[in-house]
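Working notes for the structure below.
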Amino acid sequence: MSRSEQAKKVMNSLKDILQKSKNEDLNNLRMVIALERAVARIEKHPKLSRHLVFKGGFVLLKTIETTRFTRDIDALALEISITQVPKLIEQALSMDLEDGLWFGDLKAEELHDQGSYGGYRFSCAFQI
């Protein structure tokens, strides 16, 4: 199945969800799908899957009934050089998992307010 066909299938499924649940919003659903598929790519990456621990609002959204909505994923990088993370994230997000999603235009911003641990904020475009 081509990426275009996969994307159409995903969008049709999202529309079906919207039809059944009037409480959902298409943009929020698209964001949740994108976050889930980004995590899937990170989990498929041979190095990142062993060194990142997810935390924060996204974990809450996926594990308990909550009305809190999030547009990001927080993670701790353990036993890996923080300087390696941006390149590894770029590699992970470039994987094609044949799910109709594309991630690109990745930007990494070093965070200086994260104490002695340091950190990065990543942003990227996605398309279904």
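The values are calculated or read from the model by the stated rules, or taken from the named source; none is laboratory data. Owing to the predicted nature of the structure, the values given are computational and were not obtained by experimental measurement. FYI the Cβ positions are ideal-geometry reconstructions off the backbone, even for glycines, and counts take in every protein chain you see. Heavy atoms of the whole protein, side chains included, go into the accessibility calculation; ligands, DNA and RNA do not. Shrake-Rupley method; radii C 1.70, N 1.55, O 1.52, S 1.80 Å.
Side notes on the structure shown:
- The 1.4 Å probe gives accessible areas that order Leu101, Leu60, Leu111, largest first, as Leu60, Leu111, Leu101.
- Between amide H atoms placed 1.01 Å from N, distances below 5 Å from Tyr120 occur with Leu111, all of them 5 or more places distant or on a separate chain.
- Shown for the stretch 1-98: the carbon plus sulfur share of the solvent-accessible area, taken with all protein chains present and a 1.4 angstrom probe, equals 50%.
- Binned Cα-Cα distances of the chain, short to long, each 10 Å bin given as a whole percent: 11, 39, 35, 13, 2
- For the chain, the relative contact order is 26 percent, taking Cα pairs closer than 8 Å that sit 6 or more residues apart in sequence and dividing their mean separation by the residue count.
- Solvent exposure of the chain as accessible area per residue, Å², 1.4 Å probe: 67
- Cα-Cα separations in the stretch 32-81 greater than 14 Å, expressed as whole percent: 53
- The stretch 34-128: GluC sites (Glu not before Pro) falling in loop per DSSP and having at most 15 other Cβ within 10 Å: Glu65, Glu79, Glu98
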